[in-house]
1. Residue check: is residue 240 basic (Lys, Arg) and surrounded by 22 or more Cβ atoms within 10 Å (Cβ to Cβ)?
2. Search region 219-242 for residues that are within 27 Å of residue 284 (Cα to Cα) and pair each with any residue that is crowded, with 24+ Cβ neighbours inside 10 Å and acidic (Asp, Glu) when their beta-carbon atoms are under 7 Å apart and the residues are at least 6 apart or on different chains.
3. Report, by residue number, each residue of region 210-260 that is over 13 Å from the mean Cα position of the chain (by Cα) and of a type in the set (Gly, Ala, Ser).
4. Which of the numbered conditions does residue 14 fail, given that it passes all the others? Conditions: (1) in contact (Cβ under 8 Å) with a residue 40 or more places away in the chain; (2) under 30 Å from residue 151 (Cβ atoms); (3) out of contact with any helix residue (DSSP H, G or I) (no Cβ under 9 Å at 6 or more places or on another chain).
5. Could you tell me whether residue 105 is surrounded by fewer than 23 Cβ atoms within 10 Å (Cβ to Cβ) and in contact with a Cys (Cβ under 8 Å, 6 or more places away or on another chain)?
6. Based on what the data block shows, is residue 85 closer than 30 Å to residue 267 by Cβ, under 17 Å from the mean Cα position of the chain (by Cα), in contact (Cβ under 8 Å) with a residue 40 or more places away in the chain and surrounded by 17 or more Cβ atoms within 10 Å (Cβ to Cβ)?
Amino acid sequence: MSKDNESLVALTIAGFDPSGGAGIVADIKTFTAFGCFAAAAVTSLTFQNTTGVFGAAHQTADAVRAQVLPIVEDFAVAGVKTGMLPTREIIAEVARLFRETNLPAPVVDPVVRSTSGYDLIDDAALQTLIVELMPHARVVTPNIPEAERITGMLIRDEEGMRAAARRMRDMGARAVLVKGGHLEEKAEGGRRKAEEKQFAVDVLDAEGEVSVFRLERIETNATHGTGCTLAAAIAACLARGMSLVESIAVAKRFVTDAILHAPHIGRGHSPVNHNVPVRFDVAEDL
């Protein structure tokens, strides 16, 4: 399952969060926790902390390409994760890199809005992501607001998540993991089914084969960077030779443990603790 005796290089192509909770900093911490050597290309310098995103200075598409090519020419990259790709030019260039190089199929985290509600991508860029990048992905990992924006659907429950995943596959994605952490916010009047109160549900549609992941729901504000961390953990597991279902199971447990042991720093949404042990044995229970 793993390749412990090799130096596995994992690459993140994403934005920089100076507060260290999300983006490439979170990805690097996650790759390291999973025993991978982390490499990174910065797409945008964001101005943020745990309370919100206050702006960003985006890189050019040429600058992103100039960062990635030396890595590809020097390393045998085993896993890739993409995060914040803020412009249609950058997205098109990243898609071109996957067409022209031997980079493995990436985990695409379609970052469109921050936890605090800051829009990170416009409609033109989102369309480019759907048409040009999603077909290259090993898996796309939208949360519910992201899945709604991509598909134009309203998601209220698990069936809605399944339908959105199917729609995204129809749009060209090979596999889609719709993350259900926002279902609580979608429940009308704050009422949820008993199961929804107890579990956070994620739905994977991989080439038509559906898997549902359920872990205990945690009431917490330690959510800064959880999407980045999950996608990076999946990419690291895939780099280690695990199946997609195994990778998601291990990654979800890692994020849950990281939330449970969060440092609770900052005045907003606390980052998680990337120093928790990785529990690879979770995959053996599948």
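1. So residue 240 fits the description; yes.
2. Sorted first by the residue in region 219-242, then by its partner, the pairs are 227/109; 228/27; 228/109; 231/109; 232/27.
3. 211, 222, 239, 241, 243, 249, 258
4. Residue 14 satisfies every listed condition except (3).
5. Answer is no for this residue.
6. yes
Per-residue answers, yes or no, for (1) within 13 Å of the chain's Cα centre (by Cα); (2) under 22 Å from residue 234 (Cα atoms); (3) at pLDDT 95 or above; (4) among the aromatic types (Phe, Trp, Tyr):
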{"site": "149", "(1), (2), (3), (4)": "no, no, no, no"}
{"site": "166", "(1), (2), (3), (4)": "no, yes, yes, no"}
{"site": "169", "(1), (2), (3), (4)": "no, yes, yes, no"}
{"site": "174", "(1), (2), (3), (4)": "no, yes, yes, no"}
{"site": "177", "(1), (2), (3), (4)": "yes, yes, yes, no"}
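Matching residues to (1) polar (S, T, N, Q); (2) in contact with a Leu (Cβ under 6 Å, 6 or more places away or on another chain); (3) over 28 Å from residue 240 (Cβ atoms):
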position	(1), (2), (3)
32	yes, no, no
38	no, no, no
46	yes, no, yes
79	no, yes, no
96	no, no, no
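The values are calculated or read from the model by the stated rules, or taken from the named source; none is laboratory data. Just so we're clear, the structure is a prediction, and the values are computed from it rather than from any experiment. Here Cβ is always computed from backbone atoms with ideal geometry, including for glycine, and neighbour counts include all displayed protein chains.
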